[in-house]
Amino acid sequence: KYARADVKPSSEILSKIGKEFDANLNWLLTGEGHILNGQTAPEEKADGEFVYVPLMSEVKAAAGTGCLVEEELSERSLSFRKDWLMRQGIAMNMLSAIHVSGDSMSPTLLNNDVLLVDRSQTNPRIDQIYVVWTEDGLVVKRSGGLSENILTLVSDNPAIRDRSVRLDEQNFVIGRVVWYGRKL
């Protein structure tokens with residue numbers, strides 16, 4: 001509820017979250033800066049032409065049943081041209097880069113592909129690919145449509161059945177996949 005801004009946390013709750021997770025209080029209050037203390041947000045690491053997006057090495061979106069996220073550590077960054085991001089309508093200050101785990105989105109997305117996720121795009125549109133937090137963990141799926149808060153999650157792999165989740169505090173859209181890359 002806090003993440004979707006349905007409820008505003010009290011200063012006491014913000015303080016507890018900040019201490020428990022070493023979270024940046026400025027980010028918790030305003031969304032500016034990096035979520036963790038002592039790290040630099042992508043928009044703060046931007047130079048004249050590029051935005052540097054941290055690649056979360058331990059965060060994987062399952063192209064299958066779901067991956068649990070235990071740590072959000074960034075060892076390296078991916079660089080994207082600002083002008084390209086602007087032409088695509090991508091929010092430069094709301095980007096995450098994560099890996100795919102599994103094969104339910106093949107042939108489109110393959111195991112270990114890197115995804116660029118725009119976290120500002122959380123209203124699922126049909127046939128777009130999203131990263132979704134479910135009760136089973138983090139998944140990457142195509143939107144089959146949203147009706148009465150029920151989101152249909154579609155796998156591109158024809159051997160995998162579609163499923164539906166009710167969007168609520170346990171199941172919510174993290175953001176839309178706006179780019180992917182893979183190692184040859």
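Please treat every number below as a calculation from the coordinates, not as lab data. The shown structure was predicted, so the numbers you read here are calculated from the model rather than taken from an experiment. For neighbour counting, all protein chains shown are included, and Cβ atoms are generated from backbone atoms with ideal geometry for every residue, glycine included.
General observations
- For the range 151-160, the Karplus equation 6.51 cos²θ - 1.76 cosθ + 1.60, evaluated at θ = phi - 60°, returns couplings of 9, 8, 9, 10, 8, 6, 6, x, 7, 9 Hz by residue, with Gly and Pro reported as x.
- The shape of the range 75-184 comes out oblate: with a ≥ b ≥ c from the C-alpha gyration tensor, a/c is at least 1.5 while a/b does not beat b/c.
- Of the trypsin sites (Lys or Arg not before Pro) in the range 132-184, those whose Cβ has at most 11 other Cβ within 10 Å and which sit in DSSP loop: 161, 182, 183
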